[in-house]
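Following: one structure in structure tokens, then a few remarks.
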Amino acid sequence: MIAPARLAAYEVVRRVFEEDAYADRALDSAVAGLDPRDRALAQRLAYGTVQRARTLDFGIEQLGKRPVRKLDAPVKAALRLGAYQLAFTGQAEHAVVDDAVELVRAARLERAVPFTNAVMRRLAQGFNGLVASLPEGPVKESYPDWIAETWARDFGSETALALMRAQNEPPALEVRADEPVGLATDVPGAYIVDTVDISRMRPMSRASQLAALVVGAREGERVLDACAAPGGKTTMLAGQVTAVEVHPGRAQALARNVGPNVRVVNADLRELDEGGFQRAIVDAPCSGLGVLARRPDLRWRANPLPDLQLELLQAAAERTDPGGIIVYSVCTLNADENEAVVDASGLEVLPLADEWPQYAHPSRPEFLLTMPHRDRTSGFFIARLRKP
């Protein structure tokens with residue numbers, strides 16, 4: 001009998017790579033009915049396998065002598081899951097090998113059972129040594145080449161490697177709370193906890209919270225939250241907040257979770273027939289290269305969006321009064337989506353380094369840039385701007 005956690009993880013891996021499903025949503029359905037211990041194990045196995053797919057595929061191809069792309073989908077998923085367990089979990093080899101074989105058999109691919117068994121046994125004997133012999137870089141750390149190249153260009157090869165390693169580790173559990181609930185951080189209201197009590201706190205990285213704090217919204221002001229869902233930053237804004245969200249379902253969910261000072265508008269910011277705001281925050285869609293530790297599948301689907309980001313920033317500026325403050329934030333580590341967008345906007349930059357020197361951008365200190373390897377939080381770029 002296949003262990004329940006492995007079966008659930010296998011389902012997630014297949015859905016992510018065969019159906020382009022989001023790992024967190026696939027996990028929710030796969031673990032329904034499992035006890036908490038098996039749920040936690042299934043998440044660890046599924047997320048780790050998805051995250052390390054490039055490294056796993058390298059080992060499977062080297063030891064299996066067959067291109068991964070030519071394998072049947074159930075075989076590919078079983079081998080990836082098995083290879084991850086052998087290399088990164090310390091689970092019993094015989095149980096891992098047996099379950100990989102049984103997963104293929106359950107998929108009615110009896111002809112592939114001998115191959116699966118043989119490759120799993122070779123992986124058990126030689127995978128760790130094979131990975132250890134790899135040069136430091138995107139294959140060993142399991143990243144697309146373009147991400148490694150972007151980080152090396154922007155920060156240098158040493159920092160690029162540090163970022164890759166840091167975002168392969170489980171992130172700290174950071175929350176927002178109105179009262180002390182765990183280990184306090186240097187961002188007011190942000191704490192690190194062991195478990196989340198949703199009645200007392202909201203999961204939210206302190207980097208994300210920092211972006212909302214930089215807005216400096218005050219009572220009596222009209223504030224535009226340009227890309228509002230899921231709403232963590234929205235709930236931190238004072239004043240009369242207009243929260244704009246383009247996706248209907250996300251707008252509805254947002255409306256159920258905000259206070260009376262927030263009005264939710266389901267619209268594209270670029271078409272919003274409204275203005276006269278004193279402050280705005282544009283937490284724009286982005287490639288998400290600063291949150292890869294939290295979203296294991298994102299590295300395989302990430303897409304830079306500088307043109308859209310500039311359009312949204314300019315749309316927010318058009319709806320802000322002269323002299324108004326606009327905060328541009330993105331959870332990515334990519335100069336093309338960060339400082340280049342601000343430079344192209346024509347807005348005046350208001351330096352932030354004096355207020356938050358610990359998070360100053362390494363080469364453009366007028367901006368903030370939280371770095372996962374240095375700050376142990378999500379990677380966020382934050383700029384505070386003023387409309388002329």
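Computed over the chain, relative contact order equals 12 percent, with contacts defined as Cα pairs under 8 Å that lie 6+ residues apart. Compared with the dominant principal axis of the Cα atoms in the chain, helix 4-19 is inclined by about 70°.
For the pair Asp321 and Ser199, the difference between a 0.36 nm per residue extended length and the Cα-Cα distance amounts to 40.2 nm. I'd like to know which of Ala107, Ala5, Val31 lies farthest towards the positive end of the charge dipole of region 1-131, counting +1 on Cβ of Lys and Arg and -1 on Cβ of Asp and Glu. Farthest along the dipole direction, towards plus: Ala107. For region 130-230, trypsin sites (Lys or Arg not before Pro) meeting the loop criterion (DSSP other than H, G, I, E, B) and having at most 14 other Cβ atoms within 10 Å: Arg200, Arg218. The heavy atoms of Ser363 offer some 80 square angstrom of accessible surface to a 1.4 angstrom probe.
Accessible area per residue, 1.4 Å probe, Å², for region 58-122: what's the number?
Values: 3080 Å² over 65 residues.
Counting only protein heavy atoms, the per-residue value for region 58-122 is 47 Å².
Pairs of lysines in the chain whose Cα atoms sit within less than 28 Å of one another amount to 5, provided the residues are eight or more positions apart or on different chains. Toward the positive end of the charge dipole of the chain, with +1 on the Cβ of Lys and Arg and -1 on the Cβ of Asp and Glu, the farthest Cα among Met371, Gly324, Leu310 is that of Met371. With the cut-off at under 18 Å, measuring from each backbone N in region 209-237 to a point 7 Å along the Cα-to-Cβ line of Glu271 picks out 226-229. Across region 125-181, Cα pairs under 8 Å and at least six residues apart give a relative contact order of 24 percent. Return the carbon/sulfur percentage of the accessible area of region 9-67, one whole number, probe 1.4 Å, all protein chains in place. After summing per-atom areas, the C and S share lands at 43 percent. Spread over its residues, the convex hull of the C-alpha atoms of region 290-383 is 101 Å³ per residue.
Read phi for every residue in region 300-316 and hand back ³J(HN,Hα) as whole Hz from Karplus 6.51 cos²θ - 1.76 cosθ + 1.60, θ = phi - 60°, with x for Gly and Pro. Running phi through 6.51 cos²θ - 1.76 cosθ + 1.60 with θ = phi - 60° gives 8, 10, 4, 8, x, 9, x, 5, 5, 4, 5, 4, 5, 5, 5, 5, 5 Hz.
Treating the beta-carbon of each Lys and Arg as +1 and of each Asp and Glu as -1, no other charges, what is the dipole magnitude of the chain about its Cα centre, to the nearest 20 debye? In debye, rounded to 20, the chain gives about 1260. Dipole size of region 313-368 about its Cα centre, with +1 on Lys/Arg Cβ and -1 on Asp/Glu Cβ: approximately 80 debye, rounded to the nearest 20.
Computed on region 130-226, the Cα convex hull volume stands at 173 Å³ per residue. To the nearest 10, the accessible area of Tyr22 is 90 Å² with a 1.4 Å probe.
Between the entries [x] 1.02; [y] 1.05; [z] 0.95, the label attached to Rg/Rh (Cα atoms, Kirkwood Rh) calculated for this structure is [x].
Taking the Cβ-Cβ separation of Glu169 and Glu348 as r and a Förster radius of 35 Å, what is the calculated FRET efficiency to the nearest 0.05? Efficiency at R0 = 35 Å is approximately 0.35. Quick check: the angle from helix 93-106's long axis to the longest principal axis of the chain, C-alpha only, nearest 10 degrees? Taking Cα atoms only, the helix is inclined about 90 degrees.
Using Cβ point charges alone (K and R +1, D and E -1), the dipole size of region 54-144 about the Cα centre works out to roughly 380 debye.
Could you let me know the centre-to-centre spacing of region 247-267 and region 118-137, using Cα atoms, in angstrom? Their Cα centres are 49 Å away from one another. Working note: Karplus 6.51/-1.76/1.60 with θ = phi - 60° gives region 112-118 the couplings 8, 4, x, 4, 4, 4, 5 Hz, where Gly and Pro are set to x. Sites listed here are trypsin sites (Lys or Arg not before Pro) in region 299-388 whose DSSP assignment is loop and whose Cβ has at most 13 other Cβ atoms within 10 Å: Arg301. The residue list Thr49, Gln62, Ala77 was ranked by how far each Cα lies along the charge dipole of region 28-94 toward its positive end, using unit charges on Cβ atoms, and Gln62 comes out on top. Hey, got a sec? Which trypsin sites (Lys or Arg not before Pro) in region 4-113 land in a DSSP loop and have at most 12 other Cβ atoms within 10 Å? Qualifying residues, ordered by number: Lys65, Arg108.
The values are calculated or read from the model by the stated rules, or taken from the named source; none is laboratory data. These numbers come from a predicted model, not from an experiment. We place every Cβ from the backbone using ideal geometry, glycine too, and count neighbours over all the protein chains shown. Surface accessibility is based on the protein's heavy atoms, side chains included, excluding ligands, DNA and RNA. Shrake-Rupley method; radii C 1.70, N 1.55, O 1.52, S 1.80 Å.
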